[in-house]
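To start, the structure under review is shown below, and the notes come after it.
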Amino acid sequence: MKQSEKINRHTEYYLALATILALGLFLVVVAAPNKNLQMLIVLLTTLFYAGFGIFHHMVNHDLNGKIVLEYFIIAGFGIAAVFFLLKGGLGL
């Protein structure tokens, strides 16, 4: 299967993931003064990101341990980066 066919076949999936991440970013910006609420929103966003991705692979019958690990590693990196920035990393 060509790369363009894979992208076209999973367009709804990519749009849903983009929506989850965009909504999470929007909510973090809206909750700007409250860093604890921002962190909770980031945690929930990454939970939905990983859960939706794993569900998508389960539905398409290509779920395996490496895919689950990949989603949790990417989610963990995202949480760590946001935590670092929210707790004063780089003096921001």
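Readers should treat all values here as calculations from the given coordinates under stated rules, not as data from a laboratory. Keep in mind that what you see is a predicted model, and the values were worked out from it rather than measured. We place every Cβ from the backbone using ideal geometry, glycine too, and count neighbours over all the protein chains shown.
Mind telling me which of the residues Ala80, Ala50, Ala75 ends up being free of Cβ contacts under 8 Å to residues at least 60 places away in the same chain, in contact with a Ser or Thr (Cβ under 7 Å, 6 or more places away or on another chain) and either surrounded by fewer than 12 Cβ atoms within 10 Å (Cβ to Cβ) or closer than 15 Å to Ile20 by Cα (or both)?
Ala75
Say whether the condition of being of a type in the set (Gly, Ala, Ser), surrounded by 11 or more Cβ atoms within 10 Å (Cβ to Cβ) and in contact with a helix residue (DSSP H, G or I) (Cβ under 9 Å, 6 or more places away or on another chain) is met by at least one residue in segment 32-39.
Among the residues of segment 32-39, not one is of a type in the set (Gly, Ala, Ser), surrounded by 11 or more Cβ atoms within 10 Å (Cβ to Cβ) and in contact with a helix residue (DSSP H, G or I) (Cβ under 9 Å, 6 or more places away or on another chain), which makes the answer no.
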